[in-house]
Amino acid sequence: MKKAFSCKIYGYDKKEVDRYLIEMKKDYEVELGRKRDRMLELAEETRALRMEAQEQRELIEKLTEQEKYVSRALIKAEQRAQTIIEEGRRKSAKEMEQLVSEKEKWRIKFRQVRQELMTFERNLLQVIEKFRDDINYYSAKEISDTILVGDSETDGNDSKTSISYYFEKNEDEISEEVASSVENIRKEKVIA
């Protein structure tokens, strides 16, 4: 800022210079006061920002610790999940082996029971055939006795006829029972 002073005998006008210096001093003091206030404001802002930065650093450290903790927890959880999955797979494989083993045992048992039923059926059919042969033998014997003895002995024929009726009745009943048993065995075979 340039100021032009009036000249006097021995240089510049002293009063003007003094006034100018006083005004300059006031301006500088005002400006200095503003600068000082601004510096105080900036110092306060700096202090607040430093405190905020410190809080942010502490928060970052806290969050970093939490992140590490969460990461460790996730890793442990993942490892545990893998362990559980592996254990489940091992158990299911073991159970599957047991089921296959049980299935094979039942298959063998089924074959044995089926074989026993077939053997039982053959034996039963042999017994039925033998029983029919015996009935046929006794029936044939009775008929031959009746023919040989003749018609003269009617009283004997009545008793022999009742005996043959008894054999015939029993043969029919027995044949029905045997046929029913054989049919039941065949049904069981089909079911098995």
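What follows draws every value from the coordinates through simple rules; no lab data is involved. These figures come from a predicted structure and were not determined experimentally. Ideal geometry is used to build each Cβ from the backbone, glycine not excepted, and the neighbour counts take in all protein chains shown.
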(request) Lys and Arg at +1, Asp and Glu at -1: add these up for the other residues within a Cβ distance under 14 Å of L74 and post the number. (result) +2
(request) Choose one of V30, A43, V17: the residue whose Cα lies farthest towards the positive end of the charge dipole of region 17-58 (beta-carbon charges +1 Lys, Arg; -1 Asp, Glu; about the Cα centre). (result) V17
(request) With a point put 7 Å past each Cα toward its Cβ, work out how far L49 is from K141 in nm, to one decimal. (result) 13.3
(message) Quick check: net charge around I108, other residues with Cβ under 12 Å of its Cβ, Lys/Arg +1 and Asp/Glu -1?
(response) +4
(request) Place a +1 charge on the Cβ of each Lys and Arg in region 12-132 and a -1 charge on the Cβ of each Asp and Glu, then give the dipole magnitude about the Cα centre in debye, rounded to the nearest 20. (result) 1600
(message) If I stretch the segment between I75 and E87 completely, what's the gain in nm (0.36 nm per residue apart, minus their alpha carbon distance), one decimal?
(response) 2.5 nm
